[in-house]
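Following: one structure in structure tokens, then a few remarks.
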Amino acid sequence: MAFRLFASHLRRAVRSQFACHFRQNIGLVAPVTSRGISQQAEFDLSPFRYHLLDEVFPKTSVATRDEMLSYYRDMVTIRRMEDDSFALYRDKLIRGFLHLYNGQEACCVGMEASIRPDDEVITAYRAHGWTYTRGVPVKEIMAELTGRTGGCAKGKGGSMHMYAQNFYGGNGIVGAQVPLGAGIAFAIQYRGEDRICVALYGDGAANQGQVFEAFNMAKLWNLPVLFVVENNNFGMGTSAERASAVTAYYTRGDYIPGFQVNGMDVLAVKEATKWAADYCRSGKVEKHWMLVNIQCHL
């Protein structure tokens, strides 16, 4: 029943409020046509903020029709998956904790479009969207949430502990995935591989001591890691302004360069991530780490 409901929601997605929001946040500049049919277009990007960086990102992005449809399809799929997960949780078919990714879909979709499948990703307990973009089908995610053996962790992980190839999951301890991400980056460097690790955390974990220790080690050892704050403005029920003296999280790395990007603009996230990933892969000893603040729910 739940899967039939999900499919029904997905078919109606083109008429949803989410579709209107997607159109409003991406400004069309100039379409490129072929035989009267637009195949690609140039889009204005939301402005960025920088720390220890010049203005390095483009102001526009070119995307094809198929790319835009793919981004839209993935974001709507994640949103509908989360909506139905909440319905199952409300009906007590999902037990334990449930941390939804609603409103942050452009973060994982935009970043996944710019990193490689063999790059490593580790995130916090709000992991459903990243699990999907890392290649786990919706059916396996829903099976995991409902404690079934068909889930990506055989039904034993639940909402917070999902895993896939080159995806080290959801982690239930606040901030613990950040030093683990630095360790994964160290393993990449030790093996001499041309890959990076994306270590994500929320604004609620930004004040953890282990986060700053990971920053320090990344700088000392020049680790190929992107530290990414998925900032949804609340750590559980506490607003960022009440919990953090400085909410410009992209500046928190001090000696690590950083930037802020609009997490409601999938193309801005994509372009920023592409540049940051190339920066970490550059091979230059002094250019291996980056601190990213993706500002959600603007």
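Residue under question is residue 46, and the condition is that it be part of a loop (DSSP other than H, G, I, E, B) and under 21 Å from residue 296 (Cα atoms); does it hold? So residue 46 passes the test. Regarding residue 270, is this residue open to solvent by 40 Å² or more (accessible area, probe 1.4 Å) and at pLDDT 90 or above? It is false that residue 270 is open to solvent by 40 Å² or more (accessible area, probe 1.4 Å) and at pLDDT 90 or above.
Annotation note: Cβ proximity below 9 Å between a residue of region 231-249 that is of a type in the set (Phe, Trp, Tyr) and a residue that is open to solvent by 70 Å² or more (accessible area, probe 1.4 Å) and at pLDDT below 90 (sequence gap 6+ or interchain) occurs for 234/297. Would you confirm whether or not region 105-120 contains a residue that is surrounded by fewer than 19 Cβ atoms within 10 Å (Cβ to Cβ), under 15 Å from the mean Cα position of the chain (by Cα) and among the hydrophobic types (A, V, I, L, M, F, W, C)? Within region 105-120, none of the residues are surrounded by fewer than 19 Cβ atoms within 10 Å (Cβ to Cβ), under 15 Å from the mean Cα position of the chain (by Cα) and among the hydrophobic types (A, V, I, L, M, F, W, C).
In region 61-80, the condition of being touching a Cys at 6+ places or on another chain (Cβ under 7 Å) and more than 18 Å from residue 158 (Cα to Cα) is met by no residue.
Filtered by the rule that a residue be touching a residue at least 12 places away in the same chain (Cβ under 8 Å) and either under 17 Å from residue 100 (Cα atoms) or aliphatic (A, V, I, L, M) (or both), region 164-176 gives 164, 169, 170, 171, 172, 174, 176. For region 166-175, the set of residues classified as surrounded by fewer than 18 Cβ atoms within 10 Å (Cβ to Cβ) and either in contact with a Pro (Cβ under 8 Å, 6 or more places away or on another chain) or of a type in the set (A, V, I, L, M, F, W, C) (or both) consists of 173 only.
Quick check on residue 277: is it under 21 Å from residue 111 (Cα atoms) and crowded, with 22+ Cβ neighbours inside 10 Å?
Numbers: under 21 Å from residue 111 (Cα atoms): yes; crowded, with 22+ Cβ neighbours inside 10 Å: no.
Spelling it out, it is not the case that residue 277 is under 21 Å from residue 111 (Cα atoms) and crowded, with 22+ Cβ neighbours inside 10 Å.
If you filter region 121-158 down to residues that are of a type in the set (S, T, N, Q) and open to solvent by 10 Å² or more (accessible area, probe 1.4 Å), you find that the one that is farthest from residue 195 (Cα to Cα) is 146.
The values are calculated or read from the model by the stated rules, or taken from the named source; none is laboratory data. Owing to the predicted nature of the structure, the values given are computational and were not obtained by experimental measurement. Cβ coordinates were reconstructed from backbone atoms using ideal geometry, including for glycine residues, and neighbour counts include every protein chain displayed. To get the accessible areas, we keep the full protein, side chains included, count just its heavy atoms, and leave off ligands, DNA and RNA. Shrake-Rupley method; radii C 1.70, N 1.55, O 1.52, S 1.80 Å.
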